[in-house]
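This report refers to the structure that appears directly beneath it.
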Amino acid sequence: MTTNELRKKYLDFFQGKGHKLFASDTLVPDDASVLFSSAGMNQFKDYLLGRKKDVTKAVSCQKCLRTGDIERVGQTPCHHTFFEMLGNFSFGDYFKKEAIEFAWEFVTKELNMKPKDLWISVYRGDEEAFDIWKDHIGVLPERMVQLGPESNFWPANAPMDGPNGPCGPCSEIFFDRGADVGCGRPGCDPSCDCRRFIEFWNLVFTQFDRRGVNDLEPLPQKNIDTGMGLERMAAILQGKSSNFEIDIFAPLVARARDVLRAVDNAPKTLSALYSIVDHARAITFAIADGVYPSNEDRGYVIRKLVRKASLAGSFLGMKKAFLYRLVDPVAEAMKAAYPEVDAKKANVMQAVLAEEGKFLYTQKEGATQLGFIAERLKKESRTVVSAEDVFRLYDTFGYPLDAIEETAAKYNLNIEKGEKFQALLKKQQEQSRQKSMFAGSIFNRDGLDIKDKSEFVGYKSFSAFVNAVNILRNGETVKDAKEGEEVLVVLDQTPFFAAGGGQLSDKGWIRADETEFEVADVLRNGAAIVHRGKVVKGTLRPGKVEASVDTVRRKAIARAHTATHLLQAALRKVLGDHVAQQGSQVDEDRLRFDFSHFQAMSHVETIAVEKEVNAMVAAASEVNIKVVSMEEAKKEGALAFFKDKYGDEVRFVAMGVFSKELCGGTHLDNTAGVGLFAIVAESSISSGTRRIEAVTGQKAYEYFRAMEETLEASSALLKVSPNELESAVQKVVEELQREKNNTGNLRREVLGSKLEDIFKSAKEINGISFLGHLFDGADSGSLLSICDEIKGRDSSIFIYLVGGAPQKRIFVVCAGEALVSRGITCDKFVNVYKNELGVKGGGRPNLVQGVVMAAGNDLFKCAEDCFAKFTQPKSLASKLRIKKA
């Protein structure tokens, strides 16, 4: 049975049992407690909590990404970062008996698996599940094991360790690969980890609400949450000993072999190949879902996967970027179930190539950093690279541990890779695990669990007479709030927009009789819309109130949000269809828009985008908003983004023929209302992601007016008309370039044959080399470069250099560590003798720079005399005593 056939058979089976089919959710869940969708249950949070009631039975095949066991990928036959999870769910409908019946019927009837090859585990203490398997299904007790909470309870060890919230026992189904596989013990059973028994289906019976240690209260709504690994089940049915040998993986492994020219079957070769193709799948699906490599959160996970795959390729001898060549075969293998990935493969390939190329450069930088560390350790007479330095090279630069060790050996150094390094690594892995695995806190965001429900009525109305149904202080409901108190207020209906989709919340007032509550922020908590603010007058109590939005702010935000849609349409027109929103923030007449693109926009492109948006504004197109089915929205070509969640019905926002998006934000009725649009900045926020900052309306006018004032002031400064400014600036630039070239020529001359002559001019004063020299016309940068070159030749020399023009001399004094450690410091020298030297400046012990106030012919003779006094034995001994004291 092929993997595609298995997926379809499972979904069809449970649809036939009355389950509603849900398409796979995006890899990016609408939940702050996890980075990625890591289980089928992620998208059903509101159903599991009883907040939504329209569906009681569901089935899905969810694409998942986990990194908790990333080090085991490629080392075992069945661990993955990206995988598909088949699952059937009951939300207060059926429970243990039906869930077990469905599972047994599917595996023995639909998949024709033999009962003699199957084993069952139940939670020790769950006699109900044990009896159903034994008495109702007929499984022999000797083919069942009862396990503890560490393996057969969700979350693991929840009764003792928590977290508080919904939880329950599990029952698992195992496939027995036979007595000739694994440890060979006569009493071997699924509790053994010898890999004879493969767990392929986990049934979770969510029936308790944990309140404390071993304090489990029955839930009013009992749920079923199951999970069957698609790849693992396919391997069993196809008779493969490894998931990497099944029909959707075998072509990827073959392609990777071809690209990497890896022909042998040595265990280390296979491990590298398997980890490469696994990570290639994860990277491809994540980028297709809009997660681009970066240094933060989800993007950092994808960056780490690119690096690990690239390092595995290096192990196999590949020294250049190759991972992008596996994107096409991944898309081909998966397009039957996920055609959207195939449609985006060109964009994914470009992103992967850019990231891997950047990493290869970073690896070289890691080797350079190790060189710097070696130099430092040599000065400190140490021979061991610390665990902190090793971890920084490993984690920040992606430098493999064995490569660090090998390179360090060339410097005659050892590396600290014992307990201290392992502790740092474990901490980093635990942070990754906590963010990538399903967390108990998914059921309780922001420390609040408000049961109230609110209806948003503010798309057309800026004010409404409604009911205040709850007032909370420090998370607890209170009967009233007095003047000066900051509280949270829940309304049954509200015109206030809650922050979401990149749009900041409304502000305004809630009033009743002699009471006024100033709303500073609005947020969602479950089904409730919560207003955060302060009572500025009277006493606020539950009951009838008037809620009024700050209309000036609302209209300014609407201008910016409407412009955000137009901006994306313009970017896609100018730069290409690969542009997709990666994030946004919409404020009063100001917006920030992050989008996928792999190079800085040119000035011409930026102007073209700005011009395009203003043309859309001038077109005065109506903004049409309607609620339609998701299917209809897709047919009309609406753009949808991974950070937003969509139900069966969606809010479709169309702006003329330019822009069609799904969006829950507030907008204008006509694009003309934007007034004016100006791009104020374009920058990079991570590899493959750019950011545009822009302003609209009055702020755009103010921006252009400020630019005009700058133009006028610059013209006046150069004494030319605005029309002549460009040519005048060009002349200034040419003059500066000539000065720069002269400086460069001077430095090259000094660093060439002239340097030897300069060294010969050094004088020995009190046993210390003193070098004074005039470099006519040299700027401070050149003097500093020359100092560095001289100190590189001799770290025990004291240097006094003068440059600049005769009418405006500058100076630099510098000293190497060998002198500074003896108390012969530049700052003390200049501070003590500044009047005699006729200089003014400041700096550090090893460097001082400034200007020469009075330069006579005896400039360097005076400096030599001062240095002689500064370093005479008696004076120096005094300085050292002061330093020691």
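Count charges around PHE322 for me, please; just the other residues with Cβ under 13 Å from its Cβ, Lys/Arg as +1, Asp/Glu as -1.
Details: positive: ARG255, ARG257, ARG261, LYS319, LYS320, ARG325; negative: ASP258, ASP328, GLU355, GLU356.
Taking every Cβ under 13 Å from that of PHE322, the sum is +2.
Per the Kirkwood definition applied to all pairs of different Cα atoms, how many angstroms is the hydrodynamic radius of region 3-243? Write down the numbers at each step before the final one.
Numbers: mean 1/r = 0.0542 Å⁻¹.
Taking the inverse mean of 1/r over all distinct Cα pairs, region 3-243 comes out at 18.4 Å.
Using Cβ contacts closer than 10 Å as the measure, can you line up LEU711, LEU837, LEU566, LEU311 from fewest to most? Spell out each step's value before the answer.
Working: LEU711 12, LEU837 23, LEU566 26, LEU311 18.
Sorted ascending by nearby Cβ count, the order is LEU711, LEU311, LEU837, LEU566.
Roughly how tilted is helix 250-260, in degrees to the nearest 10 and between 0 and 90, from the longest Cα axis of the chain?
With rounding to tens, the tilt is 20 degrees.
Apply the Karplus parameterisation 6.51 cos²θ - 1.76 cosθ + 1.60, with θ equal to phi minus 60°, to every residue of region 632-638 and state each ³J(HN,Hα) to the nearest whole Hz, in sequence, with x for glycine and proline.
Residue by residue, region 632-638 yields 5, 4, 5, 4, 7, x, 5 Hz.
Calculate how steeply helix 873-884 sits against the longest principal axis of the alpha-carbon atoms of the chain, using the helix alpha-carbon long axis, and give the answer as 0 to 90 degrees to the nearest 10.
Approximately 20 degrees, to the nearest ten.
Normalised by the residues of the chain, what does the relative contact order come to in percent, with Cα pairs under 8 Å and at least six apart? Present the calculation step by step, with values, prior to reporting the outcome.
On the way: 1649 pairs, mean separation 63.8, N = 885.
Computed over the chain, the figure is 7 percent.
Express as a percent, rounded to the nearest 5, the fraction of DSSP beta bridges in region 446-548 (both residues included) that run antiparallel. List each step's numbers first, then the result.
Numbers: 37 of 39 bridges.
Here the share of antiparallel DSSP bridges comes out near 95 percent.
Would you mind putting 517-524, 404-411 in packing order, based on average other-beta-carbon counts within 10 Å, highest first?
Values: 517-524: 19.4, 404-411: 15.9.
The most tightly packed comes first, giving 517-524, 404-411.
Can you give the local net charge around ASP587? Use residues other than it whose beta-carbon is closer than 11 angstrom to its beta-carbon, Lys and Arg +1, Asp and Glu -1. Provide the component values of the computation, followed by the final result.
Values: positive: ARG553, ARG559, ARG590, ARG592, LYS699; negative: GLU588, ASP589, GLU693.
Neighbourhood net charge equals +2.
So for region 260-440, averaging the separation of alpha carbon pairs under 8 Å that are six or more residues apart and normalising by length, what relative contact order in percent results?
Numbers: 182 pairs, mean separation 30.3, N = 181.
Over region 260-440, the number comes to 17 percent.
Along the charge dipole of the chain, Cβ charges K/R +1 and D/E -1, which of ASN474, ILE70, GLN493 sits furthest on the positive end?
The one lying farthest along the dipole's positive direction is ILE70.
Nearest 20 debye, what's the magnitude of the dipole of the chain about its Cα centre given +1 on Lys and Arg Cβ and -1 on Asp and Glu Cβ?
Working: 120 positive and 122 negative charges, 468 e Å.
That gives the chain a dipole magnitude of about 2240 debye.
Only helical DSSP H runs with n ≥ 4 go in: add -39500 (n - 2.57) per run for the chain, normalise by residue count and round the 222 nm mean residue ellipticity to 500 deg cm²/dmol. Working shown, then result.
Working: 27 runs with 340 residues, N = 885.
One gets -12000 deg cm²/dmol as the mean residue ellipticity at 222 nm.
Could you work out the percent of alpha carbon pairs in the chain separated by over 53 Å, rounded to a whole number? Intermediate values should be presented prior to the final figure.
On the way: 135298 of 391170 pairs.
Value for the chain (Cα pairs over 53 Å): 35 percent.
Taking the beta-carbon count within 10 Å as an exposure proxy, list CYS866, CYS194, CYS663 from fewest neighbours to most. Don't skip to the end; give the middle numbers.
On the way: CYS866 18, CYS194 12, CYS663 23.
In order of increasing Cβ crowding within 10 Å: CYS194, CYS866, CYS663.
Counting alpha carbon pairs within less than 8 Å and at least 6 residues apart, what relative contact order, in whole percent, applies to region 507-638? Could the numbers behind the result be given before it?
Values: 153 pairs, mean separation 22.0, N = 132.
After rounding, I find 17 percent.
Could you put GLU516, GLU756 in order, starting from the residue whose Cβ has the fewest other Cβ atoms within 10 Å?
Values: GLU516 16, GLU756 9.
Fewest-to-most Cβ neighbours within 10 Å comes out as GLU756, GLU516.
For region 27-146, give me the percentage of DSSP beta bridges that are antiparallel, rounded to the nearest 5 percent.
Of all bridge pairs located within region 27-146, approximately 70 percent are antiparallel.
A short reminder: the numbers here are calculations on the coordinates, not readings from a lab. What you are looking at is a predicted structure, and each value in this text was computed from that prediction instead of being measured. All Cβ positions, glycine included, derive from the backbone under ideal geometry; neighbour counts span all protein chains shown.
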